[in-house]
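This report refers to the structure that appears directly beneath it.
A short reminder: the numbers here are calculations on the coordinates, not readings from a lab. Computed from a predicted structure; not experimentally measured. We place every Cβ from the backbone using ideal geometry, glycine too, and count neighbours over all the protein chains shown.
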Protein chains: 2
Amino acid sequence: MKIAIAQLNYIIGDFEGNTDKMLEAVDIAKKQGADIVTFSELATCGYPPRDFLEFNDFINRADKSIEKLKKASKDIAIVVGSPTKNPIIEGKDLYNSVFFLYDGEEKLRQHKTLLPTYDIFDEYRYFEPSSEWGVVEFKGKKIALNVCEDLWNLGNENPLYTINPMDEVIKLNPDFVINVSASPFDYKQAKTRLKVLKANVDRYNIPFFYINHVGAQTELIFDGGSVVMSPNGKVYEEMSYFKEEIKIFDLEDVNRQGQNIEQAKDKIALIHDALVLGVKDYFGKLGFKKAVIGLSGGLDSALTTVLAVEALGNENVFVIMMPSQFSSKHSISDSIDLADNLDIDYEIIKIEDIYEEFTSKLKPLFKDLPFNVAEENIQARTRGTLLMGYSNKFGNILLNTTNKSEMAVGYGTLYGDLAGGLSVIADIYKTEAYEVARYINRDDIVIPCHIINKPPSAELRPNQFDSDSLPDYDILDKILFEYIEKRKGPKEIIAMGYDKKLVQRVLRLVNINEFKRYQTAPVLRVSKKAFGMGRRMPIVAKYLS
Amino acid sequence: MKIAIAQLNYIIGDFEGNTDKMLEAVDIAKKQGADIVTFSELATCGYPPRDFLEFNDFINRADKSIEKLKKASKDIAIVVGSPTKNPIIEGKDLYNSVFFLYDGEEKLRQHKTLLPTYDIFDEYRYFEPSSEWGVVEFKGKKIALNVCEDLWNLGNENPLYTINPMDEVIKLNPDFVINVSASPFDYKQAKTRLKVLKANVDRYNIPFFYINHVGAQTELIFDGGSVVMSPNGKVYEEMSYFKEEIKIFDLEDVNRQGQNIEQAKDKIALIHDALVLGVKDYFGKLGFKKAVIGLSGGLDSALTTVLAVEALGNENVFVIMMPSQFSSKHSISDSIDLADNLDIDYEIIKIEDIYEEFTSKLKPLFKDLPFNVAEENIQARTRGTLLMGYSNKFGNILLNTTNKSEMAVGYGTLYGDLAGGLSVIADIYKTEAYEVARYINRDDIVIPCHIINKPPSAELRPNQFDSDSLPDYDILDKILFEYIEKRKGPKEIIAMGYDKKLVQRVLRLVNINEFKRYQTAPVLRVSKKAFGMGRRMPIVAKYLS
């Protein structure tokens, strides 16, 4: 028996486009002799559809896509995920379902049991869990179907659910399992995924076909990496990351583990590739082509520009340099070097006159009060307004260049350098930004070395450096990681050996700056805990603040 | 037996402050001869604590608050909600629990069964549902305890759960029920609450004591309105809305429904009072006193200013008028009239020079391209920068003045008129904003009549009116209500008699402007479906767009 995995990139709510893409894959799989072709979780509507699921109209359109696929299931079986209505009045109105379609008929509809409701997941917001499990008989084989999380209560230390749906369905003696998933990327996820799949195979001793979604959906990046596991608990094949792929697998060969193909898992390379796809799909799926970025001469804007060029092409990235009276000379020369290396267009706009105009208008109110953060922010907001002016005039989306360290401690100006439609690098700490920059420069110098080597500065007052107001990034990032990713409290972090006052100050900065993060662009997620939909904090609170 | 309801206003994460407040209430109740004093859901940590719940340190501190309350439970029983750890490794790590403390001991710990996970609620993100139900015996009575949603699967057409925990606990023959809640306000909620409580009493025929939280938590406004229901299915007392209150009830008198006290439920008055509390608590709980607002001469900024003055006092509200070359004369004269009526300070700053400076700097890029939204937005962002400059210099929080109609269709400038720390009126449609304005003027003219009567205009180009680019608000608001609050699709709305092209245009505008709403301030929630945490939409999508 031959099983085709179609690892495809869908657009949320684009029912026609998604269905057409699947129908093409059905044709390809059929021509190559596949008996079954499989797609990912909620492939009809795209994942995550979020509150669009609350619209009847949306579910009806998903139903129509299933009807089309059902008609196409001649001489080939189609496995596909889609939201379906729960006919029972009690409970949630929907199920997260996977279909087995064959010969123009629905042969099995299996609902998802384990509904991830943590971090970026909200599935119990919409779906009722399944309490029934079945297999489909097809060409002499019994096949169990399930959806993503249904495999994930095994292989981890803190199981989130009190049941394992595979323990139920295994009683029906399936020959193999097809799992349709939409499991978003973080730089540790591919390893975890293999560990979880291995835990399942070790327990149930049958082959698993795991089909993941690929492509970015606003802040989430789905990396693909669909997996076929042989019943000996080893990987038969791990498909490509970050790109669409259709591959056909022979069940007999999978059963005897005739091969072992895995992908490289270097953290920094993965982050780099994920961010490029994140930018590319944000623009492509919204129907935009061009980006504008403010280049400061610092690392973050340089890195963002390189990633944008890789995603969109150098002809589609425009940069503006906006020096003030506080800017260093190298802020411009370094930026020009970068633009030249990338062969992108740029413009220089001096902001001093606008800044003076602002402060003179505010003089009757500010009187002789000393220069402070108010004047610093006016510079940042002047730059934001110039960039957004360009964006509005020419249709280039402004990319935000803030990193995760700054975003965490609120080292940035709302409506100023925090402006932009998408935050490209706000899920990587400053120390990781350096690593990605070095990765980019691995063969040729793309980012000028001076940009990487000079001390970070916001240049909003004379001789300002980040180190004036923040601890060294080496230490700051470690404390932030313990607090944000690991959710450790002050006592635990201090017990690790960090200075008590420093820890308290850093945690306080994170908490009192929640209001800023509330108003910033979506952040491309590459870690286990990114700012945005996966981290939900009250703005008004008195905890560690 | 005498039961005291302490309807109090907590601060999230302020364990000491919240506990001290409860201990004071314990003393008051004890002095007045109460046998039991009851507090609301998660009163130790405040509701909703959101992802703070994922910190062990946070739960440990809640445990300490329970220890303090336990010690205070001499000669009086204390009923209080708090998060607790789930000792079982499988399942979520926490329970949402209610305690019965007496004589220094924990007499009952009942976990919440029904975990609201819809709209603004995320409880299954954190909590394991209960599967055990008990009663506590106290002074010859059996008392059932439960938490908020545990009563809410009755009395509505679309039950979200497949079980009713009251059906279980009623088997133990409780004499009455204490329900600790944190149920946020919307202008229909008080009616629904009484309906749900009545459905419970009608089914179980015993008295219910329902204790609600009061006070605003960022965007959510808890209205109090705690309820005592007599076993005949009628209200014994509905406590005040929007303020703290401690009241003592005699069980015998409740049993014979010795009184019937209910609160007035006028939609517009409720919205008005809710918004005032929302502003007051946002500032008070963050430790801020003063607001700054940009006055345009239009209805929305006028209304926001009045609400801010009611919440903070006229000495704490400062307004800035920022006319451009496109502003009408009345934009200033009307604003001055309003400031005079309210006796608040103001300043006038003309923005034309700054605008000219911006456009001259952009001239090398814009060349001779015609005036369009880019230049309009520069004006709005100039105003935003001036207001934020004042905010940064003097510590006044900028209040955003956008209404729900504008927010829905994206009629506003990111980082311009969409700037601000809190959106005061962005959950009321323009037509409702007029109603609130008329309510404010019910006795005296506070908002000058000309502000209410003139046609709405953004005044960003010559002779611009909202009606140039938007349908009449009377029609627009109705279509928006069907789409946003009722979640009807295009077919259903068109079938109601609205013009097909108009409906498609409006729905498209709502969907393509998701990116703007992602970056705007928290919105005080007064309807069943507000923008913000209760409405979660992908930015990148192709549905009705």
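Partners of A:Lys350 within straight-line reach, counting aspartates and glutamates whose Cα lies under 18 Å from its Cα and excluding those fewer than 8 residues away in the same chain: A:Asp334, A:Glu375, A:Glu376, A:Asp417, A:Glu459, B:Asp353, B:Glu356, B:Glu357.
P(r) tail, chain A: Cα-Cα pairs separated by more than 32 Å, 49% of all pairs. Cβ crowding within 10 Å ranks B:Thr192, A:Thr382, A:Thr113 as B:Thr192, A:Thr113, A:Thr382, fewest other Cβ atoms first.
Here A:Met407, A:Met22 are placed in order of increasing Cβ neighbour count within 10 Å, fewest first, which gives A:Met22, A:Met407.
Placing a label point 7 Å from the Cα of A:Glu352 along the Cα-to-Cβ line, the residues of region A:375-402 whose backbone N sits under 16 Å from it are A:379. Less than 5 angstrom separates the built amide H of B:Gln217 from those of B:Phe222, all sequence-distant by 5 or more or on a different chain. Computed over region A:299-409, the P(r) tail beyond 17 angstrom holds 61 percent of alpha carbon pairs. In region A:271-466, inverting the average of 1/r over every pair of distinct C-alpha atoms gives 17.0 Å as the Kirkwood radius. Note on B:Gln504 and A:Ser240: with the Förster distance fixed at 51 Å, the Cβ-Cβ geometry gives a FRET efficiency of about 0.85.
Each Cα pair under 8 Å and six or more residues apart adds its sequence gap; the mean of these over the residue count of region A:257-314 is a relative contact order of 39 percent.
Using Cβ point charges alone (K and R +1, D and E -1), the dipole size of region B:2-265 about the Cα centre works out to roughly 620 debye.
Summing charges over neighbours of A:Ile5, with a neighbour being any other residue whose Cβ is under 12 Å away from its Cβ, gives -2 when K and R count +1 and D and E count -1. Dipole orientation for chain A: of the candidates A:Val254, A:Ile494, A:Ile512, A:Ile494 has the Cα lying most toward the positive pole (charges on Cβ; Lys, Arg +1; Asp, Glu -1). Determine, from the Cβ-Cβ distance of B:Phe465 and A:Ile88 and an R0 of 45 Å, the FRET efficiency 1/(1 + (r/R0)^6), rounded to the nearest 0.05. Efficiency computed from Cβ-Cβ geometry: 0.30. Taking Cα atoms only, the orientation of helix A:56-72 departs from the longest principal axis of chain A by about 50 degrees. Computed over the Cα atoms of region B:2-265, the ratio of the radius of gyration to the Kirkwood radius (Rg/Rh) comes to 0.92. Taking every alpha-carbon pair under 8 Å whose residues sit at least 6 apart, chain B reaches a relative contact order of 11 percent. Give me the percent of Cα-Cα pairs in region A:113-236 that sit more than 17 Å apart, rounded to a whole number. Summing the P(r) of region A:113-236 above 17 Å gives 57 percent of all pairs.
For region A:441-536, chymotrypsin sites (Phe, Trp or Tyr not before Pro) meeting the loop criterion (DSSP other than H, G, I, E, B) and having at most 16 other Cβ atoms within 10 Å: A:Phe465.
Charge dipole of chain A (Cα centre as origin; +1 on each Lys and Arg Cβ, -1 on each Asp and Glu Cβ, all else neutral): 1080 debye, rounded to the nearest 20. Tell me the label-point distance for the pair A:Glu16, B:Asp343, using the 7 Å Cα-to-Cβ offset, in nm and rounded to one decimal. Here the modelled spin labels are 6.4 nm apart.
If you wrap the Cα atoms of region A:19-116 in a convex hull and average its projected area over all directions, you get 6.3 nm². Does anyone have the angle between helix A:373-394 and the longest principal axis of chain A? Alpha-carbon axes, 0 to 90°, nearest 10? Between the helix axis and the principal axis of chain A, the angle is about 60 degrees. Across identical copies of the chain, A:Ser240 has label-point separations of 6.8 nm, listed in ascending order, with the point defined 7 angstrom from Cα along Cα→Cβ. Pairs with C-alpha atoms separated by more than 23 Å, drawn from the list A:Lys21/A:Lys198; A:Lys92/B:Lys529; A:Lys478/B:Lys516, are A:Lys21/A:Lys198; A:Lys478/B:Lys516.
Tell me the angle of helix A:15-31 to the major Cα principal axis of chain A, expressed in degrees between 0 and 90 and rounded to the nearest ten. The helix A:15-31 is inclined about 50 degrees to chain A. Dividing the convex hull volume of the alpha carbon atoms of region B:130-195 by its residue count gives 108 Å³ per residue. Straight-line cross-link reach from B:Lys107 at under 20 Å between alpha-carbon atoms covers these lysines, not counting any fewer than eight positions away in the same chain: B:Lys2, B:Lys30, B:Lys64, B:Lys68, B:Lys70, B:Lys71, B:Lys74, B:Lys85, B:Lys139, B:Lys141, B:Lys142, B:Lys171. Phi angles across region B:113-122 convert, under the Karplus curve 6.51 cos²θ - 1.76 cosθ + 1.60 with θ = phi - 60°, into 3J(HN,Hα) values of 9, 9, 10, x, 9, 6, 6, 8, 8, 9 Hz, Gly and Pro given as x.
Simple spin-label estimate for B:Arg203 and A:Leu23 gives 4.7 nm between the two label positions (7 Å along the Cα-to-Cβ direction from each Cα).
Give the Kirkwood hydrodynamic radius (Å, one decimal) of the protein assembly as shown, defined as one over the mean of 1/r across all pairs of different Cα atoms. For the protein assembly as shown, the Kirkwood estimate is 30.8 Å. Among B:Leu154, A:Leu299, a tally of other beta-carbon atoms within 10 Å of each Cβ gives an order, fewest to most, of B:Leu154, A:Leu299.
Relative contact order of region A:140-200: what whole-number percent is it, with Cα pairs under 8 angstrom and at least 6 residues apart? With pairs under 8 Å counted, the relative contact order is 50 percent. Excluding B:Ala308 itself, calculate the net charge of residues whose Cβ lies under 14 Å from the Cβ of B:Ala308, where each Lys or Arg counts +1 and each Asp or Glu counts -1. Once positives and negatives cancel, what remains is -3.
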